[in-house]
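For reference, the structure discussed in these notes is given below.
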Amino acid sequence: MQKTIFVVDDSITNLSVAEQTLENYYNVITMTSAIRMFVFLEKIIPDLILMDVAMPEMSGFDAMIKLKSNTLFSDIPVIFLTALADSYNEAYGIELGAVDFIMKPFSEAVLLHRIRHHLSIDDLIKERTVKLEEAISASSAKSDYLSNMSHEMRTPLNAIIGMTTVGKNANDINEKNRALGVIGNASTHLLGVINNVLDMAKIEAKKFELSPIEFSFDSMLQKVLSIINYRIDEKKQTLTIVSDSKMPNFIIADEQRLIQVLTNLLSNATKFTPEYGSISLEVALESETEEDCLLRIDVVDNGIGISKEQQSSLFESFVQAESKISRDYGGSGLGLTISKCIVELMDGGIHIESELGKGTRISILVKAGRSEKKLLSLLSTRLNLDALRILVVDDSEETRSQFHDVLSQLNIKFDLAPSSYDAFRYIGEKGAYDMYFIGWRVSEIDGVELADRLTTGKETPAPVVIMYSASQWVMREDEASANKIAKALQKPFFSTEIVECINDCLCKAQGVDDTREDTLNFAGKKLLLVEDQEINREILIALLESTCIDIDCAEDGEVALNMVSQTPDKYDIIFMDVKMPRMDGLEATRHIRALPSVASLSLPIIAMTANVFAEDIRECLNAGMDDHLGKPLEVDRIHQILNKYLS
Ligand code: ADP
């Protein structure tokens, strides 16, 4: 854009000479007095002022003093162009703040050169100032962030330290257990904060990666809800789930990261929505191709909302809608930034619609790979499905249609009855069924009574599952067992929950052992635990006590290598810490794999490390390890690994 220069001189001749010299290069505005200049300044701020000194009414020097006293104009570079060519005036002009002092008559080339020179210096100063301001505001956001983080970390730590003392001093076992419960919750919260900080560091270093796997979308949502439900219950809020029937059962994506995004959005929704508020989770298939599908997930709440100005900065790192928010609600201000990064890596995006005081809708789009896996794969292979029949009794068309969909996919024979009258008619015509799903309120009779009629008098009654909505009923365990109800399923439920119900109830009814329990006994198996920290060895031994696995310990890689090379086929599995003195886990693994015995080649070696990023896992696998357990250790994951490698 062309720069604007004001030329101020009481001589018309001088003005026109200056104008002719400059007009090819700049937008020149001439004025015959300093007073007129101030009138122009009300409307336009020029990039530079070329000003005479000796002028009637107001001299250039006086004008300069007035310019400098007003912060709106004080940064405009001023060059004096004057015939008052003595060193006193020159020094005075410069002292007043002029950037240059040029004598009349002037050479065109010199004038142009000086103007260009000062304008480029001015540009440079402006650019630097903007950068400096950005740096100052980023640094102040970071220091706010540090103070938030410190608060976010100290709060759970405080609970952990305080409750440890309370627990130690408590005589009553219930009081001890309560303290342990608080310690457990605070530790999980602290872990979440630390994970966020690490994710943020990864994002800033541009090293954030996804690890896609094939998983059931509904089971993933179930995991999210199991994390979030207690917070919703605590605030007595209602959560509605709306799922498009076209949603694929299985997808290929990074399950953990999707859980992280949805947990963040839902926990914000509960956090920023008052008690008794409503939250809904809406999932839909937006579009699909042969290879992938685009999923849209919306989290909607009727909470405090976010103003338009605040919405624009929410995805910047370390920013919360208002600093007051962090004081009132806690939080690090990192969740949305990380969520945005994750959904963008999934070729999607995130969008906020919100009105202050009314509520918020946050929508994400994510692209996932299509999977060939069917719902059937979740059904226990131990079940005998031959001639098996299920009766579903519910007056809701929607529920019957969901069962139609699921049971057809499972290849299980079924009938759908809209009323108890139809249920008895089916039983009369076709005989008793092997399992019943019954709505709590079917038209003429309540579900529990129907269950009672179906089960009384039978020596081995078929399992009955009661389906209810939260507003109707809260299932009490004693009530359920008194009425011989095998399970209660709260509406709305996921397709995977129906499959889980069938697995659980029919495994019991058919006398098939529940898969998990019988495989978690590893008596006779030998595990070598390589870990330099005594406390970590102690924790793992305690966590595995119930599995009856026999554990030997080595306190570093070198000791482990000696043990394995002496008796290579003694161990069935190794849990190997990575960072250890003397010889680390990676090196020990490489040595073990290089041993001459066949056993040491096939021996499963599982990395056990607090480094949990994709590249850390890759490093372990490249060193010859088979799998990875992240610290802090999770019991379910350890069991999963043992099942995978020892069963
Ligand atoms: P935090 O850990 O602080 O919650 P987030 O990045 O997840 O960090 O959210 C940033 C800020 O966005 C929150 O502090 C809050 O001000 C605002 N926010 C996010 N979700 C909601 C919502 N559903 N309703 C109102 N404000 C929200």
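Look through L543, L520, L529 and report the one residue that is at pLDDT 90 or above, closer than 30 Å to I573 by Cα and of a type in the set (A, V, I, L, M, F, W, C). The conditions single out L529. Every listed requirement among (1) part of a strand (DSSP E or B); (2) within 16 Å of the ligand (Cβ to nearest atom); (3) of a type outside the set (V, I, T) is met by C341 save one, (1).
When the residues of the range 239-283 are narrowed to those that are surrounded by 17 or more Cβ atoms within 10 Å (Cβ to Cβ) and basic (K, R), which ends up nearest to the ligand (Cβ to nearest atom)? Among them, the one singled out is K271. One residue alone among K644, K570 is under 30 Å from D254 (Cα atoms), basic (K, R) and at pLDDT 85 or above, and that residue is K644.
Filtering the range 23-52 to residues that are under 21 Å from H117 (Cβ atoms) and crowded, with 19+ Cβ neighbours inside 10 Å leaves Y26, V28, P46, D47, L48, I49, L50, M51, D52. With respect to S137, determine if the residue is surrounded by fewer than 11 Cβ atoms within 10 Å (Cβ to Cβ), farther than 30 Å from F250 by Cβ and within 16 Å of the ligand (Cβ to nearest atom). It is false that S137 is surrounded by fewer than 11 Cβ atoms within 10 Å (Cβ to Cβ), farther than 30 Å from F250 by Cβ and within 16 Å of the ligand (Cβ to nearest atom).
Checked against (1) more than 53 Å from the chain's Cα centre (by Cα); (2) at negative phi, G97 meets all criteria but (2).
Do you know which residues across the range 558-569 are not in a loop (DSSP other than H, G, I, E, B) and not polar (S, T, N, Q)? Within the range 558-569, E558, V559, A560, L561, M563, V564 qualify. Listed by position, the strands (runs of 3 or more DSSP E) enclosed by the range 167-261 that each have at least 1 residues that are hydroxyl-bearing (S, T, Y) are 213-216, 238-243. Between F424, F414, the distinction of being crowded, with 17+ Cβ neighbours inside 10 Å, out of contact with any Gly (no Cβ under 9 Å at 6 or more places or on another chain) and more than 30 Å from I304 (Cα to Cα) belongs to F414 only. Is the range 510-521 home to any residue that is crowded, with 20+ Cβ neighbours inside 10 Å and either in contact with a helix residue (DSSP H, G or I) (Cβ under 6 Å, 6 or more places away or on another chain) or not in a strand (DSSP E or B) (or both)? The answer is no, given that none of the residues of the range 510-521 is crowded, with 20+ Cβ neighbours inside 10 Å and either in contact with a helix residue (DSSP H, G or I) (Cβ under 6 Å, 6 or more places away or on another chain) or not in a strand (DSSP E or B) (or both). Checked against (1) of a type in the set (S, T, Y); (2) over 13 Å from the mean Cα position of the chain (by Cα); (3) modelled with pLDDT under 90, S332 meets all criteria but (2). Modelled with pLDDT of 85 or more, of a type outside the set (A, V, I, L, M) and in contact with a helix residue (DSSP H, G or I) (Cβ under 6 Å, 6 or more places away or on another chain) - does that describe any residue in the range 163-186? The answer is yes; a qualifying residue exists.
I'd like to know if the range 301-316 contains one or more residues that are touching a Ser or Thr at 6+ places or on another chain (Cβ under 7 Å), in a strand (DSSP E or B), under 17 Å from V242 (Cα atoms) and near the ligand (Cβ under 9 Å from one of its atoms). Among the residues of the range 301-316, at least one is touching a Ser or Thr at 6+ places or on another chain (Cβ under 7 Å), in a strand (DSSP E or B), under 17 Å from V242 (Cα atoms) and near the ligand (Cβ under 9 Å from one of its atoms), which makes the answer yes. The C-beta contact set for the range 266-279 (first residue on the phi > 0 side of the Ramachandran plot, second residue away from the ligand (no atom under 11 Å from the Cβ), distance under 9 angstrom, 6+ apart or interchain) comprises Y276/K235; Y276/K236; Y276/Q237; Y276/T238. Candidates E353, E372: the one that is within 29 Å of D298 (Cα to Cα) and within 16 Å of the ligand (Cβ to nearest atom) is E353. Would you confirm, using the coordinates I've provided, whether I549 is crowded, with 18+ Cβ neighbours inside 10 Å, among the aliphatic types (A, V, I, L, M) and at pLDDT below 95? So I549 fits the description; yes. Pairs meeting the criteria (first residue in the range 422-442 and under 16 Å from K458 (Cβ atoms), second residue polar (S, T, N, Q) and in a loop (DSSP other than H, G, I, E, B), beta carbons under 9 Å, at least 6 apart or on different chains) are D434/Q510.
In the set (1) in contact with an Asp or Glu (Cβ under 8 Å, 6 or more places away or on another chain); (2) closer than 21 Å to L22 by Cβ, V53 fails one condition alone, (1).
Candidates in the range 545-557 are the residues that are touching a helix residue (DSSP H, G or I) at 6+ places or on another chain (Cβ under 7 Å) and part of a helix (DSSP H, G or I); of these, the one that is nearest to R637 (Cα to Cα) is T547.
What about R116, is it modelled with pLDDT of 90 or more and surrounded by 15 or more Cβ atoms within 10 Å (Cβ to Cβ)? Judged against the criteria, R116 is not a match.
Residues are listed down the side, and each one gets a yes or a no for (1) in contact (Cβ under 8 Å) with a residue 12 or more places away in the chain; (2) within 21 Å of Y645 (Cα to Cα); (3) out of contact with any Lys or Arg (no Cβ under 9 Å at 6 or more places or on another chain); (4) assigned to a helix (DSSP H, G or I):
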| position | (1), (2), (3), (4) |
| --- | --- |
| Y571 | yes, yes, no, no |
| M576 | yes, yes, yes, no |
| M580 | yes, no, yes, no |
| I592 | yes, yes, yes, yes |
| P596 | no, no, yes, no |
| N611 | yes, no, no, no |
| E615 | yes, no, no, yes |
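The residues of the range 633-647 that are in contact (Cβ under 8 Å) with a residue 24 or more places away in the chain and either in contact with a Ser or Thr (Cβ under 8 Å, 6 or more places away or on another chain) or farther than 14 Å from F575 by Cβ (or both), listed by number, are H639, L642, N643, S647. The set of residues in the range 617-647 being in a helix (DSSP H, G or I) and among the aliphatic types (A, V, I, L, M) consists of I617, L621, V635, I638, I641, L642, L646.
Being more than 22 Å from K340 (Cβ to Cβ) and of a type outside the set (D, E) is the filter here, so list the residues in the range 356-375 that pass it. G357, K358, R370, S371, K373, K374, L375, listed by residue number.
For the range 148-201, the tally of residues that are among the basic types (K, R) and exposed (fewer than 14 other Cβ atoms within 10 Å of the Cβ) stands at 2.
The values are calculated or read from the model by the stated rules, or taken from the named source; none is laboratory data. The structure displayed is predicted, hence computed values, not measured ones. Note that we place each Cβ from the backbone using ideal geometry, even for glycine, and neighbour counts take in every protein chain shown.
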